[in-house]
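Notes follow once the structure below has been shown.
The values are calculated or read from the model by the stated rules, or taken from the named source; none is laboratory data. Computed from a predicted model, the values in this text were never measured in an experiment. With ideal geometry, Cβ positions are generated from the backbone for all residues, glycine too; neighbour counts draw on all protein chains shown.
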Amino acid sequence: MKNEEKVIIAGFGGQGVMLMGQILSYAATEEDLNTVWIPSYGPETRGGTANCSVTISKAQINAPVVTAPDTLIAMNEPSLEKFQSKIKKGGLLISNKSLIKDATFRDDIKVIEIDASQTAIDLGNLKVANMVVLGAYLGATKVFEETAIHKVFEKIFTGEKAKLIDLNKQALNAGMAVVGK
């Protein structure tokens, strides 16, 4: 990992945007890195807009607000439209092409388009589209090994939710595999 990584994750409420950010922050903590996670919700929770910013750093984090992210994960078109211009030159955009059709992307950033919804459906559950995208992010940035995320799954998916661990691991791996191609 480079010294610092700043990410904005954005989409509709209910797409697991906040969970992706929390998982990255938890993984950073597990890896003894400094981290800040800041959620931002629209007026509605499900179906409204939602985004979060995550900063992961080897050094102390002095300014928690992310105005120019290294990476944008855009789960829908409104999020792409709102945040694409903020990505640092040379940064990364991961676009959920399941919901972002015929978009125009900046030519000074790297763009990875992933059909997260279809990949999740192929795995048997549309709700893991967020983990497919998270896997693509990990595959592209190498900010963490997948095992760091697996450890977080073990901690957050407990009790009745423990049955979701394997599916989420499969989704993460599927996203990483897409980037690895």
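Here are a few things to note about the model shown:
- Long-range neighbours under 6 Å by Cβ, at least six apart or interchain, first residue surrounded by 11 or more Cβ atoms within 10 Å (Cβ to Cβ) within the range 159-172, second among the small types (Gly, Ala, Ser): LEU172/GLY135
- Residues of the range 153-181 that are in a helix (DSSP H, G or I) and of a type in the set (Val, Ile, Thr): ILE156, ILE165, VAL178, VAL179.
- Restricted to the range 19-50, and to residues there that are crowded, with 17+ Cβ neighbours inside 10 Å and at pLDDT below 95, the residue that is farthest from ALA171 (Cα to Cα) is THR49.
- The range 141-152, residues that are assigned to a helix (DSSP H, G or I) and touching a residue at least 60 places away in the same chain (Cβ under 8 Å): THR141, ALA148, ILE149, LYS151, VAL152
- Index of the failed condition, VAL65 passing every other in (1) among the aliphatic types (A, V, I, L, M); (2) over 21 Å from VAL132 (Cβ atoms); (3) in contact with an Asp or Glu (Cβ under 8 Å, 6 or more places away or on another chain): (3)
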